[in-house]
Amino acid sequence: MIETDFARTDLWFMLRGAGMTLTLTFWAVLGGTTMGLVFGVLRAAAPWWINAPLGAVLDVFRSIPLLIQFILANSFKSIIGLDMSAFMVACVVLSLYTAAYCTEIVRAGVLAVPSTTRRAARSLGMSWSQDLRYIVYPIALRVSLPSWVGLALGVMKDTALVLWIGIVELLRASQVIVTRIQEPLLVLMLCGLIYFLMSYPISRLGAYLESRWRDHD
Amino acid sequence: MNYTFHWHQAFQALPDMLRGALITVEIAVLSMVIGIACGVALALARNAGFAPARAFATAWIETARNTPALFQIYMIYFGLGSFGIFVDSFPALLVGIAFNNAGYLAESFRGGLRAIPATQMRAARSLGMSAPLAFRLIVLPQLLRTMFHPMTNQMVWAILMTSLGVVVGLNTDLTGVTQELNVRTFRTFEFFVLAAAIYYLITKTVTLSARVLAARLFRY
């Protein structure tokens, strides 16, 4: 039998870390998708003088390392004297980061709907919101959902970076245990396994949706 | 708000940070070169007839795609210690990013390979080309064409991922240098805003020059 100092409480500690990872992912994806939907539809429809600045601002979130976004947000919060927990900062930054990517996904989906289809809907007497709900939404969803699943998975993996601003999520929890029992390989393998179990089923679902919807086109 | 910004301090450190930026670009480029080479090999291995090669490629790709990049770097930096291999933070970061790049690129390459009709390979072989020659002259140029856009994206990702080096104690790349300055002066916001601006410029340069290059390379 292999001897190890890895205790049952350590596993519990890591699972709680995994819970934090999932909680952060949930809020980030919820906030990011909500904003992404609004911005995405806006970017697909708005005139250039709204579109260009909005695109440029969102592009900043995709061009700067997430780690630096966390550091900046955290120190900016202290500068303006905002009373916010590290968890809140992490949620806000991750939401904006997710929104930046989600906007492009939604925009691509909306633009994938042929303009003739939309004009047909409008000339049948549908209002703009009816057109969005009954025509654009179902078609755009098929284009966007696989990328959206990929985005959600990416965000889950990116939440690991919040360890820098002092939140104990799965990776940080593993590191704490490694420091104590000095068995990096075992603990990290376990950590990787947990990440894999959280990510792999969803990534298969995304691949399945993509192939299924492509075949039925 | 009773905070006075000290921007001149940050600007004084600009030369140091630009030297760091050079290291950042260096790591990103090297990791991309290794990543592309390994990615092509993995894509071929995944379609190979030899089962162990297929299993190895699948394990690599799924690990790279389903765990955080930081985890992969940790695995090399801390995990390899169990085998008595102690790596510095620079190679750990480089190998970690290259591993990640290879995993993501392999999947794109596989899609790209599927887009090239098998009849072309057969035609090349029946014209007397050897398999490696046919791959190099017929398949690879077409592959690079379809892969140009995914590779540009991956390059941007690689640049952003280099910032993770600071977590394993690297202090020569842009984030590492900035963090070092930050610890010394506690002007966190000023220094990191400047670092963010440099990262922005680097990624924009990459995407814009890729667009110009694509327009020139793929005119036909």
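Write down the radius of gyration of the stretch A:1-127 and its Dmax, each obtained from C-alpha positions, in Å.
20.8, 75
What dipole magnitude, in Debye to the nearest 20, does the stretch B:99-220 give about its Cα centre under +1 on Lys/Arg Cβ and -1 on Asp/Glu Cβ?
So the dipole magnitude of the stretch B:99-220 works out to roughly 700 debye.
Just want the answer: with Cβ charges of +1 for Lys and Arg and -1 for Asp and Glu, which residue in B:Leu93, B:Ile23, B:Gly103 is farthest toward the dipole's positive end in the stretch B:1-117?
About the Cα centre, the residue reaching furthest to the positive side is B:Gly103.
In nm, to one decimal, how far is the modelled label at A:Trp12 from the one at B:Ala118, with both set 7 Å along Cα→Cβ?
5.6
Please compute the average number of Cβ atoms from other chains found within 10 Å of each residue's Cβ in peptide A:59-66.
Other-chain Cβ atoms within 10 Å of each residue's Cβ, averaged: 6.
Starting from 0.36 nm per residue, how many nanometres of slack lie between B:Arg216 and B:Leu80 once their C-alpha separation is accounted for?
The B:Arg216-B:Leu80 span can extend by a further 44.5 nm.
What value in Å³ per residue do you get for the convex hull of the alpha-carbon atoms in the stretch B:1-128?
212
Pairs of Cα atoms under 8 Å, at least six residues apart: use those to get the relative contact order of chain A, whole percent.
31
Which residue, B:Ala115, B:Ala210, B:Ala195, has the most motion in a Gaussian network model of chain B that connects Cα atoms within less than 10 Å?
B:Ala115
Could you list log10 I(q)/I(0) for the stretch A:124-190 at q = 0.17 Å⁻¹, which the Debye formula gives when each Cα is one point scatterer?
Each listed q maps to, in turn, -0.73.
Can you tell me the 0 to 90 degree angle between the C-alpha axis of helix A:137-158 and the longest principal axis of chain A, rounded to 10?
That helix lies at roughly 20 degrees to the long axis.
Per DSSP H run of at least 4 residues, take -39500 (n - 2.57); add these up for the protein assembly as shown, divide by its residues and hand me the 222 nm value, nearest 500 deg cm²/dmol.
Computed ellipticity for the protein assembly as shown at 222 nm equals -26000 deg cm²/dmol.
Sorted from largest down, give the three principal axis spans of the alpha carbons of the stretch B:85-174, whole angstrom values.
Principal-axis extents of the Cα atoms in the stretch B:85-174, largest first: 55, 29, 17 Å.
With θ set to phi - 60°, apply the Karplus curve 6.51 cos²θ - 1.76 cosθ + 1.60 along the stretch A:208-213 and write out the HN-Hα couplings as whole Hz, x wherever there is a Gly or Pro.
Per-residue couplings from phi come out as 5, 4, 4, 5, 4, 6 Hz.
Ignore the peptide's own chain and count Cβ atoms of other chains within 10 Å of each Cβ in A:68-74; give me the average, rounded.
6
Using only alpha carbon pairs under 8 Å that are at least six residues apart, calculate the relative contact order of the stretch A:96-217 and give it in whole percent.
Relative contact order, the stretch A:96-217: 27 percent.
Any chance you could check the Cα centroid distance between the stretch B:152-220 and the stretch B:11-79 for me, in angstrom?
16
With θ set to phi - 60° and the Karplus curve 6.51 cos²θ - 1.76 cosθ + 1.60, what are the ³J(HN,Hα) couplings of the stretch B:5-14 in order, to the nearest whole Hz, using x for Gly and Pro?
6, 10, 6, 4, 4, 5, 5, 5, 8, 4
Could you check the simple spin-label distance between B:Thr185 and A:Leu30, using points 7 Å along Cα→Cβ, in nm with one decimal?
A separation of 4.1 nm, rounded to one decimal place.
So what are the stretch B:1-64's ellipsoid semi-axes, whole angstrom, largest first, if each one is the square root of 5 times an eigenvalue of the alpha-carbon gyration tensor?
Semi-axis lengths for the stretch B:1-64 are 46, 15, 6 Å.
Tell me, what HN-Hα J-couplings in whole Hz come from the Karplus equation 6.51 cos²θ - 1.76 cosθ + 1.60 at θ = phi - 60° for each residue of the stretch A:37-42, using x for Gly and Pro?
Per-residue couplings from phi come out as 4, 5, 5, x, 5, 4 Hz.
For chain B, set up a Gaussian network in which alpha carbons nearer than 10 Å are linked by springs, and say which option among B:Tyr200, B:Tyr104, B:Tyr77 fluctuates the most.
Fluctuation is largest for B:Tyr200.
Which whole number gives the average count of other chain Cβ atoms within 10 Å of the Cβ atoms across peptide B:33-44?
Mean partner-chain Cβ count within 10 Å for B:33-44: 0.
In whole Å, what three semi-axes, largest first, describe the equivalent ellipsoid of the stretch A:157-217 built from its Cα gyration tensor (square root of 5 times each eigenvalue)?
Equivalent ellipsoid semi-axes, largest first: 34, 14, 5 Å.
With N set to the residue count of chain A, report its C-alpha Rg divided by 2.2 N^0.38 Å to two decimal places.
Relative to the 2.2 N^0.38 Å estimate, chain A comes out at 1.24.
Suppose a student asked you for the relative contact order of chain B, using Cα pairs under 8 Å spaced at least 6 residues apart; what percent would you report?
29
Among B:141-148, A:17-24, how do they line up from the highest to the lowest mean number of other beta-carbon atoms within 10 Å?
A:17-24, B:141-148
Based on Cα coordinates alone, diagonalise the gyration tensor for chain B, multiply each eigenvalue by 5, take square roots, and list the semi-axes in whole Å, largest first.
Over the Cα atoms of chain B, the semi-axes work out to 39, 22, 12 Å.
With N denoting the number of residues in the protein assembly as shown, provide Rg(C-alpha) divided by 2.2 N^0.38 Å, to two decimal places.
1.05
For the stretch A:1-73, just run the numbers: alpha carbon Rg, then divide by 2.2 N^0.38 Å, N being how many residues it has.
Computed over Cα atoms of the stretch A:1-73, the ratio equals 1.79.
How far, in nm, would the chain grow between A:Asn51 and A:Leu141 when pulled straight, counting 0.36 nm per residue and subtracting the alpha carbon separation?
Separation in residues times 0.36 nm, less the Cα-Cα distance, equals 30.2 nm.
Averaged over every viewing direction, what's the projected area of the C-alpha convex hull for the stretch B:86-135? Give it in nm², one decimal, please.
Projected area, direction-averaged: 4.9 nm².
None of the figures in this text is laboratory data; all of them are computed from the coordinates on show. Source: prediction; values computed, not measured. For neighbour counting, all protein chains shown are included, and Cβ atoms are generated from backbone atoms with ideal geometry for every residue, glycine included.
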